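Data block below; observations after.
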Amino acid sequence: MKLSAVAKSDKGMVRDMNEDRAWQQIFNPSEGEPVGLFIVSDGMGGTMGGEVASNWAVETIRRELADLFVNPDPRNTVRLSESEIQNAVNGIMPTRRLPANELEERVRNAVIRANQVVRGYAYHKPEQAADAGATLTLVMIKGNTAIIANVGDSRTYLIRKNEMHQVTNDHSLVASMVAAGQIRPEDVYTHPQRNVIYRSLGQKDEVPVDIFHEMFQPGDIFLLCSDGLWEMVRDEQMLEIVHSTPVLEQAADRLLDAANAGGGEDNISVVLCRMK
């Protein structure tokens, strides 16, 4: 098995700055299982608050999970040096094995830590980021095990053969209204309160983290994106673009172009990850 991935982001046609952050990190060892970390975070807040929030969210999770890209001393007597951690962040060292249940806990704790960091920055830098917050969706892959985490309305989709389904749930007002039967699913794209998020990083001291499990099969593709993509491009069009564009980087470019052609009303981020 081998992973390939691409991460791209664009400020869109309306916004002055890009407050999104897209990240991908993969390692395909010559022997053993591949490992990958894929993240999309959509920053919220004025005066650079959103840009800071999404950046701190991604960087915190990268650091919290860096040791998963390292083959530690089996006697557990050697602590990782700062340079070893940095090498792990850059994805250039062998991977260590980890049971699926422990991997889930590590991912959950990394997101919780990211919430604390964003919350702490907003508290200590109120002149810059008093209202800083961020949505987050991430996929952590080891072998054929995928752990997906989500806070907010950035999404992770799984594309398998000719079908695409949304793995994550949106933590938004319109999503809750759809679940309650108050509006139709198609109304989420045009509802006047479609940008109201009830769960995000940095807004409260504690945040619940949704966790999902998938078995990643050869030929599968994970598509992670901010709402700047899925609000502008319907699921059917996203699936058609990915299916008709075998080169991931070109597929990502086409998705960004489609979002901008649809209005580009928000920052746009996408990560594509494929298993071969």
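The values are calculated or read from the model by the stated rules, or taken from the named source; none is laboratory data. Only a predicted model underlies this, so the values are computations on that prediction, with no experimental measurement involved. Cβ atoms come from the backbone with ideal geometry, glycine included; neighbour counts cover every protein chain shown. Calculation scope for accessible area: heavy atoms of the full protein, side chains included, ligands and nucleic acids excluded. Shrake-Rupley method; radii C 1.70, N 1.55, O 1.52, S 1.80 Å.
Which numbered condition trips up Gln128, out of (1) in contact with a Ser or Thr (Cβ under 7 Å, 6 or more places away or on another chain); (2) open to solvent by less than 30 Å² (accessible area, probe 1.4 Å); (3) modelled with pLDDT under 95?
(2)
Looking at Ala7 and the list (1) at pLDDT 95 or above; (2) small (Gly, Ala, Ser); (3) over 16 Å from the mean Cα position of the chain (by Cα), which single condition is not satisfied?
Failing condition for Ala7: (3).
Being under 14 Å from the mean Cα position of the chain (by Cα), within 18 Å of Val151 (Cα to Cα) and either modelled with pLDDT under 90 or not aliphatic (A, V, I, L, M) (or both) is the filter here; which residues of region 25-52 pass it?
The answer is Phe38, Ser41, Asp42, Gly43.
How about region 136-177: which of its residues are open to solvent by less than 10 Å² (accessible area, probe 1.4 Å) and among the acidic types (Asp, Glu)?
Residue satisfying the conditions is Asp153 alone.
Working only within region 4-18, note down all residues that are of a type in the set (Ser, Thr, Tyr) and either part of a loop (DSSP other than H, G, I, E, B) or surrounded by fewer than 21 Cβ atoms within 10 Å (Cβ to Cβ) (or both).
Residues of region 4-18 of a type in the set (Ser, Thr, Tyr): 4, 9.
Scanning region 4-18 gives a single hit, Ser4.
Restricting to region 256-276, count the residues that are out of contact with any helix residue (DSSP H, G or I) (no Cβ under 6 Å at 6 or more places or on another chain) and either part of a loop (DSSP other than H, G, I, E, B) or farther than 24 Å from Lys142 by Cβ (or both).
10
Could you check Gly219 against (1) in contact with a Lys or Arg (Cβ under 9 Å, 6 or more places away or on another chain); (2) assigned to a helix (DSSP H, G or I); (3) of a type in the set (Gly, Ala, Ser); (4) open to solvent by 30 Å² or more (accessible area, probe 1.4 Å) and say which number it fails?
(2)
If you scan region 30-60, which residues turn out to be open to solvent by less than 30 Å² (accessible area, probe 1.4 Å) and assigned to a loop (DSSP other than H, G, I, E, B)? If you could, list the steps in order and put the result at the bottom.
Step one: of region 30-60, the residues open to solvent by less than 30 Å² (accessible area, probe 1.4 Å) are 34-43, 45, 49-50, 52-54, 57-58, 60.
If the condition is that a residue be open to solvent by less than 30 Å² (accessible area, probe 1.4 Å) and assigned to a loop (DSSP other than H, G, I, E, B), then Pro34, Gly45 are the ones that fit.
Please tell me if Val188 is among the aliphatic types (A, V, I, L, M), open to solvent by 40 Å² or more (accessible area, probe 1.4 Å) and outside any loop (DSSP other than H, G, I, E, B).
Working: among the aliphatic types (A, V, I, L, M): yes; open to solvent by 40 Å² or more (accessible area, probe 1.4 Å): no; outside any loop (DSSP other than H, G, I, E, B): yes.
It is false that Val188 is among the aliphatic types (A, V, I, L, M), open to solvent by 40 Å² or more (accessible area, probe 1.4 Å) and outside any loop (DSSP other than H, G, I, E, B).
Within region 68-90, can one find any residue that is assigned to a helix (DSSP H, G or I) and at pLDDT 60 or above? Talk me through it step by step, then tell me what you get.
Taking region 68-90 as the starting set, the residues that turn out to be assigned to a helix (DSSP H, G or I) are 68-69, 82-89.
Subset that is at pLDDT 60 or above: 68-69.
Yes, there is a match, as at least one residue in region 68-90 is assigned to a helix (DSSP H, G or I) and at pLDDT 60 or above.
Evaluate region 251-269: report whether one residue or more is loosely packed, with under 15 Cβ neighbours inside 10 Å and farther than 14 Å from Leu158 by Cβ. First the steps, then the outcome.
Filtering region 251-269 for residues loosely packed, with under 15 Cβ neighbours inside 10 Å gives 261, 263.
When the remaining residues are screened for being farther than 14 Å from Leu158 by Cβ, the result is 261, 263.
Yes - at least one qualifying residue is present in region 251-269.
Working only within region 228-244, note down all residues that are open to solvent by less than 10 Å² (accessible area, probe 1.4 Å) and either polar (S, T, N, Q) or under 16 Å from the mean Cα position of the chain (by Cα) (or both).
Gly228, Leu229, Trp230
Testing Arg199 on (1) in a loop (DSSP other than H, G, I, E, B); (2) over 17 Å from the mean Cα position of the chain (by Cα), one condition comes back false. Which one is that?
(2) is the only condition that Arg199 fails.
Take the residues in region 179-230 that are closer than 30 Å to Val117 by Cβ and hydroxyl-bearing (Ser, Thr, Tyr); name whichever of them is modelled with the highest pLDDT.
Ser226
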